[in-house]
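Written out below as structure tokens is the structure these notes cover.
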Amino acid sequence: MDLVPYAVPFFLGAIILEFVWGRWSGSDTYRLNDTVNSLSLGVLSTATKLLGLNLAGPVFAAVATHFAPLRLDPSSVWTWLFALLLFDFCYYWFHRISHERALFWASHVVHHQSEDYNLSTALRQTSTGFLVAWVFYIPCFLLGVPAEVFVTVGSAHLIYQFWIHSRHIPKLGVLEWFLVTASNHRVHHARNPGYVDTNYGGLLIIWDRVFGTFAEEKDEEPCVYGITTQLRSWNPVWANLHIYRDMCVDAAASGSLRGALRVLGARTGWHPESSPLANKPRSPFDPYDPATHPATRWYVAVQFLCAVVFSLWFEQVAGELDAGVKWLAFACLVTWLAGLGALLERSPQARRIEGVRIVMLVGVLAASGASVPVLLWMLAYACISGAWLRSLLPGLAVKAEPSPGAASHLTPEKSRDGA
């Protein structure tokens with residue numbers, strides 16, 4: 001059983017509580033732009049799963065049917081304990097290789113782009129994980145873990161990792177020795193040279209201690225978050241694709257099939273000498289925080305909540321929609337979230353993207369067979385949104401201001417490359 005849908009209300013409630021606590025205690029870790037971007041990536045990741053791009057299912061079924069020498073008893077507590085330890089071990093290697101090799105980093109980078117660190121960061125997930133992540137879990141089915149046990153254990157494992165994305169939880173004494181905690185996961189998300197490429201565990205930190213990838217959080221070296229080459233964008237589409245773009249540039253520059261294949265398996269941050277990305281200078285790191293008008297921020301916040309409602313509707317009806325309508329709904333959601341990102345960047349294309357999205361939304365509901373009253377409500381929403389959007393025009397011209405709070409000017413010795 002997939003436990004994640006049952007945990008979503010807890011996730012959202014915990015995010016609100018952390019935000020309120022941060023404001024009350026004077027240690028707020030949230031910015032609207034970064035939070036909306038993280039949550040947008042989470043919404044987009046969930047929506048991608050509705051498109052049926054499932055490579056894992058058929059492979060897992062084939063392995064379990066034709067290659068597994070036995071099937072473990074799902075009613076035995078030992079099966080569940082074995083499945084949990086095996087899943088966590090597979091996760092460690094998946095997570096480690098996702099940082100160390102370009103092809104896998106291209107998918108995983110999304111989770112590390114946030115320059116804040118809070119519970120919303122936990123929901124910042126990739127939309128391209130279906131391409132490669134499942135490969136690392138084949139051993140679970142090869143060793144006889146039943147599918148229902150795998151799904152339950154996997155979802156519980158994911159839920160556990162939510163709470164460790166917080167700056168408000170201190171070190172937890174003896175638990176630091178064997179569990180992944182907020183402290184050692186903060187280190188994992190840091191871009192400090194001494195912290196990069198460490199603490200890959202999901203549940204147990206023991207694997208990192210055994211395989212030499214553990215690093216302790218030091219009071220004298222506070223964590224600075226994000227990837228070593230800034231994304232400098234709130235566009236969730238670009239967040240998912242920028243490393244793949246870089247890999248294409250490197251492959252083209254390599255000039256041969258062998259060179260292109262080397263790009264796929266290269267260590268993260270490596271570029272062929274012939275690539276325009278090679279030896280690219282790294283600029284000092286300041287938080288990406290373009291100034292936006294308060295009216296724009298209110299518009300983005302309200303429209304993001306509307307996007308969440310649309311995504312929940314999409315999730316409920318996806319199984320009943322024709323393939324064409326389903327892809328149109330997905331495209332509408334992508335455009336919606338990209339438009340909000342463009343507004344937060346003060347992009348000159350923001351109003352145009354939002355206008356297209358509003359028209360697409362009405363089209364999706366009409367194509368899905370929505371009733372006349374629903375369509376009338378959507379037309380009213382479209383008119384209100386259009387008028388509100390038009391009123392934002394002066395605010396979109398706000399001149400950028402210096403980012404609040406200077407970040408550490410790091411010169412990483414190792415690259416968690418994001419450009």
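Please give the peptides 242-248, 106-112 ranked by average Cβ packing (other Cβ atoms within 10 Å per residue), highest first, as a rough proxy for protection.
In descending order of packing, they fall as 106-112, 242-248.
Starting from the Cα of K49, draw a straight line to each of the aspartates and glutamates and keep only those under 13 Å, dropping any in the same chain fewer than 8 residues away.
Within the straight-line limit of under 13 Å, K49 reaches these aspartates and glutamates: E315.
Alpha carbon centre of segment 137-197 versus segment 13-90: separation in Å?
Here the two parts' Cα centres lie 10 Å apart.
Label points 7 Å out from Cα along the Cβ direction at W134 and L53: separation in nm?
1.3
As an exercise, use a Förster radius of 41 Å and the Cβ-Cβ distance of E315 and L261 to find the FRET efficiency, rounded to the nearest 0.05.
0.60
Suppose every Lys and Arg Cβ carries +1 and every Asp and Glu Cβ carries -1, with no other charges. What dipole size does segment 294-397 come out with about its Cα centre, to the nearest 20 debye?
On the way: 7 positive and 5 negative charges, 86 e Å.
Rounded to the nearest 20 debye, it is 420 debye.
Assuming R0 = 25 Å, what is the FRET efficiency of A295 and I169, from their Cβ-Cβ distance, to the nearest 0.05?
0.10
Over 20 Å intervals from 0, what percent of Cα-Cα pairs in the chain sits in each interval?
24, 57, 19, 0
Please say if segment 99-185 is rounded, prolate or oblate, where rounded means a/c under 1.5 for a ≥ b ≥ c the square roots of the C-alpha gyration tensor eigenvalues, and otherwise the choice is prolate for a/b larger than b/c and oblate otherwise?
In terms of gyration-tensor shape, oblate.
Values quoted throughout were computed directly from the atomic coordinates according to the rules given, and no laboratory measurement underlies them. Owing to the predicted nature of the structure, the values given are computational and were not obtained by experimental measurement. So basically every Cβ, Gly included, is an ideal-geometry build from the backbone, and we count neighbours across all protein chains shown.
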